[in-house]
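Structure first, commentary second.
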Amino acid sequence: MLKEGSFAVDFTLPDDKNQKVTLSDFKGKKIILYFYPKDMTSGCTKQACAFAQLYEQFKKLDIVVIGISKDSVSSHQKFIEKYDLPFILLSDPELIAIQAYDVWKEKKLYGKVYMGTVRSTYIIDESFHIEKVFEKANPANNAQDILDYLNEQAA
């Protein structure tokens with residue numbers, strides 16, 4: 001995991017419309033950058049829908065929300081359409097950002113060991129530094145935890 005206070009790693013990946021999105025294009029704004037394992041799975045859907053529910057509150061705070069998984073552009077299109085997700089999803093099948101942010105880790109499921117994306121969220125500040133890291137984020141609470149953190153900082 002990248003550490004709080006370190007400089008955010010820049011990258012360029014395609015969104016659901018296959019348009020290139022570069023993270024540093026959002027420099028000057030606060031960014032919620034969340035990594036998740038797979039479109040359409042229960043935990044990832046729960047997390048995405050929670051971000052969608054709170055999206056207007058993030059938008060009022062002028063915060064950009066970006067989700068990244070190794071799913072394809074077309075998978076992201078279906079995920080966005082099915083759940084009416086209002087934020088950016090980026091496709092990273094070559095693990096460019098996933099590895100740069102050190103969220104590609106060994107995982108275990110039913111005794112089987114495999115490599116996969118560990119659900120993690122970074123808050124990147126306006127000067128492009130990592131302000132806060134949420135390791136092993138809880139899909140049901142992650143969006144609310146971030147909003148609570150941001151509101152505490154603003155108070």
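The values are calculated or read from the model by the stated rules, or taken from the named source; none is laboratory data. Bear in mind the structure is a predicted one, so any value in this text is a computation, not a measurement. All Cβ positions, glycine included, derive from the backbone under ideal geometry; neighbour counts span all protein chains shown.
Filter the stretch 112-126 for residues that are of a type in the set (Ser, Thr, Tyr) and touching a residue at least 40 places away in the same chain (Cβ under 8 Å) and give the result.
Let us first name the residues in the stretch 112-126 that are of a type in the set (Ser, Thr, Tyr), namely 114, 117, 120-122.
THR117, SER120, THR121, TYR122 - these are the residues of the stretch 112-126 that are of a type in the set (Ser, Thr, Tyr) and touching a residue at least 40 places away in the same chain (Cβ under 8 Å).
Regarding PHE87, is this residue in contact with a strand residue (DSSP E or B) (Cβ under 8 Å, 6 or more places away or on another chain), modelled with pLDDT of 95 or more and under 21 Å from ILE130 (Cα atoms)? Please lay out each step first, then the result.
Values: in contact with a strand residue (DSSP E or B) (Cβ under 8 Å, 6 or more places away or on another chain): yes; modelled with pLDDT of 95 or more: yes; under 21 Å from ILE130 (Cα atoms): yes.
Considered against the rule, which asks whether it is in contact with a strand residue (DSSP E or B) (Cβ under 8 Å, 6 or more places away or on another chain), modelled with pLDDT of 95 or more and under 21 Å from ILE130 (Cα atoms), PHE87 comes out as yes.
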Taking the stretch 129-155 and the residues there that are within 13 Å of the chain's Cα centre (by Cα) and of a type in the set (Gly, Ala, Ser), the one that is farthest from LEU54 (Cα to Cα) would be ALA137
Checking LYS30, LYS107, LYS20, LYS59 in turn, the sole residue that is over 24 Å from ASN141 (Cα atoms) and not hydrophobic (A, V, I, L, M, F, W, C) turns out to be LYS20
Here the qualifying pairs (Cβ atoms under 6 Å; residues six or more apart or on different chains; first in the stretch 1-28 and touching a residue at least 40 places away in the same chain (Cβ under 8 Å) and assigned to a helix (DSSP H, G or I); second surrounded by 12 or more Cβ atoms within 10 Å (Cβ to Cβ) and not β-branched (Val, Ile, Thr)) come out as LEU23/ASP10; LEU23/PHE11; SER24/ASP10
Result of the Cβ filter at 8 Å on the stretch 92-111, keeping first residues that are more than 16 Å from VAL133 (Cβ to Cβ) and partners that are loosely packed, with under 14 Cβ neighbours inside 10 Å and of a type outside the set (S, T, N, Q), at least 6 apart or interchain, is GLU106/VAL113; GLU106/TYR114; GLU106/MET115; LYS107/VAL113; LYS107/TYR114; LYS107/MET115; LYS108/TYR114
Could you tell me whether the stretch 72-87 includes any residue that is loosely packed, with under 15 Cβ neighbours inside 10 Å, of a type in the set (A, V, I, L, M, F, W, C), out of contact with any helix residue (DSSP H, G or I) (no Cβ under 8 Å at 6 or more places or on another chain) and free of Cβ contacts under 8 Å to residues at least 60 places away in the same chain? no
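Which members of the stretch 112-147 meet the condition of being acidic (Asp, Glu) and modelled with pLDDT under 95? Give the steps one after another, and end with the answer.
Quick first cut of the stretch 112-147, residues acidic (Asp, Glu) only: 125-126, 131, 135, 145.
Matches in the stretch 112-147: GLU135 only.
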